[in-house]
Amino acid sequence: MNDQDVALEFKEVWKKFSNSATPTLAGMSFQVRKGSIHVLLGHSGAGKSVTLKHFLGLIVPDEGHIFVKGQDIGKCGDVELTRLRKTFGMLFQNSALFDGLDVLENVAFPLREHRREMREEEIVRRVEDLLESVELRNIVQKMPSELSGGMRKRVGLARAIALGPEILLFDEPTTGLDPETARVIDDLIVSTTRRLKATSLIISHDIHASLRIADFVSMIWEGRIIETASPADFVKSRDPVVKQFLESAGVTAVSNAGKL
Amino acid sequence: MTKQLESLGRFSLFVWNSLLWLFRKPYRWRLITDEILFIGNESLYIVSLAAFFTGAVFAYQSWLAFVMVGTDSMVGATVSLALVREMGPVMTGLVVTGRAGAAMAAQIGNMRVTEQIDALEVMAVSPLQFLVSPKLVAGTISLPLLTAIFGMVGNLGGYVVAVWVCGVDPGIYISKLKYFMDPWDFYHGLIKSGFFGFLLTAIGCYSGYRAKNGAQGVGKATNDAVVSGFIVILVLDYFLSILVPTGVRVQ
Ligand SMILES: Nc1ncnc2c1ncn2[C@@H]1O[C@H](COP(=O)(O)OP(=O)(O)OP(=O)(O)O)[C@@H](O)[C@H]1O
Ligand SMILES: [Mg+2]
């Protein structure tokens, strides 16, 4: 990959939390290509959420470098980091909606903070458009606690794309949802990424969905990336851990060849 | 020992950064008034209740003592001085710690463990500026106001018991009170309560901010906020009582 084409990059990143014996990230390196949908697979506790949080500067690595659009975020000052963050949209594992604010105010939040020139009617209209784009209607007055898990994810998605981000990060967007809702969310992620011409990095356990929507799939194991490939090549991986992971999910190279 | 110093250092840094954020744009006046209303809503009723009965029981006990030596005319002045200088700020501080301080720790703690604080940060909004700074200002303003209310209601309680229950002469009660009270007794209480308000909010916010391990962690943060708040107020009160001037007069 040419440097110009890389949206996100980890270079030899190490991170150990004080309360654990082994490092969570042990020299992790990988790249995410601009404009692609990249899925990060891994077992529970493998460090997937930790990896995402590094890109936003929410967690600082012990060693190594993290690049966002070619910029080393370890060398960014406060102002630079703030500017970079505005180009991100993130959907958290549990949506992380502000539970003191209704749906309208949740989605309007980034607009009110960073589009101060927008008038009230414009904001309301924009929020309605955003909710429409995630197929939600007539819920602006509801509080997050009154929504189902799938609806919260969609509101979280609407909030994440409110500022038209260049890079989207999704932390298990479909975990805990029924297959049908999960599929709707997956399709929304794909269509939103393409529409915004954004780059998406998605964390997932769901290997079937990942193979369906991803341009690239990577697998985390013991703090490193052990495989990165297109879905078609990923299922043919010779890595024993990847093979095991695929087998336990009932995926075989043959059965998938048809679907892809 | 180094561990205690370390956490004191972290706490100070947290408070210092939150203060710095007050002077950076965007200014969040709305949030400050919201927080003042929140603290008032949480605490006004219970502060008034505590005040009335504190004044009442204090009047009764001091009357019992004074009447033995025939100086029951001093009940009003005694009650008033004690309320305004000591019981007002301290009791108000403790009540607000239990109500608003705990609520702040729970709110911020919950936001921490459900990643709402991370979400703020990701949306390029400083959680310190958005959540903590307005509360610090609001706490520092609200506590003196609530303390003033405590003083008034407490004096009312004292008057009611002294005059109607114990039969102290109302004219003498008021005139002695006026004679012995100095504006600086008020200021003394209000200044102390300002410090209490600042610290109890800082402690509440800090405990919440560092919460971890889900709902259980939020419970612990709330509990920590109340216990540390109580201790800090009681210890600090002693030192502030010495340092802040009062209206002491020698007859
Ligand atoms: N802030 C933190 N402090 C200490 N340890 C942490 C912290 N965040 C994560 N960890 C630890 O790092 C490891 C990886 O956590 P992470 O949340 O990244 O897992 P994950 O791959 O996202 O798993 P899941 O699929 O269950 O969400 C875990 O052992 C976790 O306990
Ligand atoms: Mg996770």
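The values are calculated or read from the model by the stated rules, or taken from the named source; none is laboratory data. The model shown is predicted, which means the values in this text are computed figures rather than measured ones. With ideal geometry, Cβ positions are generated from the backbone for all residues, glycine too; neighbour counts draw on all protein chains shown.
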Inside the range A:1-52, the number of residues satisfying the requirement of being closer than 22 Å to A:K197 by Cα and within 16 Å of ligand 2 (Cβ to nearest atom) is 3
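Take the range A:177-186 and flag every residue that is under 14 Å from the mean Cα position of the chain (by Cα) and within 17 Å of A:L131 (Cβ to Cβ). Walk me through how you get there before you give the answer.
To start, the set of residues in the range A:177-186 that are under 14 Å from the mean Cα position of the chain (by Cα) comprises A:185-186.
Selection gives A:I185 alone.
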Out of (1) more than 13 Å from ligand 1 (Cβ to nearest atom); (2) in a helix (DSSP H, G or I); (3) of a type outside the set (A, V, I, L, M, F, W, C); (4) in contact (Cβ under 8 Å) with a residue 24 or more places away in the chain, the one A:G74 does not meet is (4)
Kindly provide the set of residues from the range A:1-53 that are farther than 19 Å from A:V217 by Cα, of a type in the set (D, E, K, R) and assigned to a loop (DSSP other than H, G, I, E, B), ordered by number. A:K16
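With a cut-off of at least 3 residues that are in contact with a Phe, Trp or Tyr (Cβ under 9 Å, 6 or more places away or on another chain) and within 30 Å of A:D78 (Cα to Cα), name the helices (runs of 4 or more DSSP H) lying wholly within the range B:36-135.
Details: elements: B:75-82, B:88-96, B:102-113, B:116-122.
Here the list reads B:102-113, B:116-122.
Does A:V127 count as more than 30 Å from A:H43 (Cα to Cα), in contact (Cβ under 8 Å) with a residue 24 or more places away in the chain and surrounded by 18 or more Cβ atoms within 10 Å (Cβ to Cβ)?
Working: more than 30 Å from A:H43 (Cα to Cα): yes; in contact (Cβ under 8 Å) with a residue 24 or more places away in the chain: yes; surrounded by 18 or more Cβ atoms within 10 Å (Cβ to Cβ): yes.
Taking the combined requirement at face value, the residue satisfies it.
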Filter the range A:136-175 down to the residues that are within 16 Å of ligand 2 (Cβ to nearest atom) and in a loop (DSSP other than H, G, I, E, B), then identify the one that is surrounded by the fewest Cβ atoms within 10 Å (Cβ to Cβ). A:T175
Restricting attention to the range A:79-95, and to residues there that are out of contact with any Ser or Thr (no Cβ under 9 Å at 6 or more places or on another chain) and assigned to a helix (DSSP H, G or I), which single residue is nearest to ligand 2 (Cβ to nearest atom)? A:R85
Might you check whether a residue that is within 14 Å of another protein chain (Cβ to nearest Cβ), away from ligand 1 (no atom under 16 Å from the Cβ) and touching a strand residue (DSSP E or B) at 6+ places or on another chain (Cβ under 7 Å) occurs anywhere in the range A:112-125? no
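Would you confirm whether or not the range B:1-15 contains a residue that is in a loop (DSSP other than H, G, I, E, B) and in contact with a Phe, Trp or Tyr (Cβ under 8 Å, 6 or more places away or on another chain)?
The initial filter retains those residues of the range B:1-15 that are in a loop (DSSP other than H, G, I, E, B), namely B:1.
Now narrow it down to the ones that are in contact with a Phe, Trp or Tyr (Cβ under 8 Å, 6 or more places away or on another chain): none.
No, the conditions are met nowhere in the range B:1-15.
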Is there any pair linking a residue in the range A:171-183 that is more than 18 Å from A:H43 (Cα to Cα) to one that is within 15 Å of ligand 2 (Cβ to nearest atom), with Cβ under 6 Å and at least six apart or on different chains, and which? A:A182/A:T174
Here are the criteria: (1) in a helix (DSSP H, G or I); (2) within 14 Å of chain B (Cβ to nearest Cβ); (3) in contact (Cβ under 8 Å) with a residue 12 or more places away in the chain. Tell me which single one A:V60 does not satisfy. (1)
Is at least one residue of the range B:197-211 hydroxyl-bearing (S, T, Y), in contact (Cβ under 8 Å) with a residue 12 or more places away in the chain, surrounded by fewer than 17 Cβ atoms within 10 Å (Cβ to Cβ) and part of a helix (DSSP H, G or I)? no
Only one residue in A:T51, A:T24 is within 15 Å of ligand 1 (Cβ to nearest atom), among the hydroxyl-bearing types (S, T, Y), in contact with a strand residue (DSSP E or B) (Cβ under 6 Å, 6 or more places away or on another chain) and touching a residue at least 60 places away in the same chain (Cβ under 8 Å). Which one? A:T24
Looking at B:L37 and the list (1) under 22 Å from B:L156 (Cβ atoms); (2) at pLDDT 95 or above; (3) surrounded by fewer than 16 Cβ atoms within 10 Å (Cβ to Cβ), which single condition is not satisfied? (1)
Residues that are surrounded by 24 or more Cβ atoms within 10 Å (Cβ to Cβ) and facing chain B (nearest Cβ under 10 Å), drawn from the range A:89-111: A:G89, A:M90, A:L91, A:F92, A:S95, A:A96, A:L97, A:N106
When A:I66 is run through (1) within 14 Å of chain B (Cβ to nearest Cβ); (2) touching a strand residue (DSSP E or B) at 6+ places or on another chain (Cβ under 9 Å), the failure sits at (1)
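Is it the case, given these coordinates, that A:S18 is within 14 Å of another protein chain (Cβ to nearest Cβ), hydroxyl-bearing (S, T, Y) and within 13 Å of ligand 1 (Cβ to nearest atom)?
Details: within 14 Å of another protein chain (Cβ to nearest Cβ): yes; hydroxyl-bearing (S, T, Y): yes; within 13 Å of ligand 1 (Cβ to nearest atom): yes.
Here the answer is yes, as A:S18 does meet what is asked.
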A:R112 - would you say it is more than 18 Å from the chain's Cα centre (by Cα), away from ligand 2 (no atom under 16 Å from the Cβ) and in a helix (DSSP H, G or I)? yes
Scan the range A:28-44 residue by residue and report those that are within 16 Å of ligand 1 (Cβ to nearest atom) and surrounded by fewer than 18 Cβ atoms within 10 Å (Cβ to Cβ). A:H43, A:S44
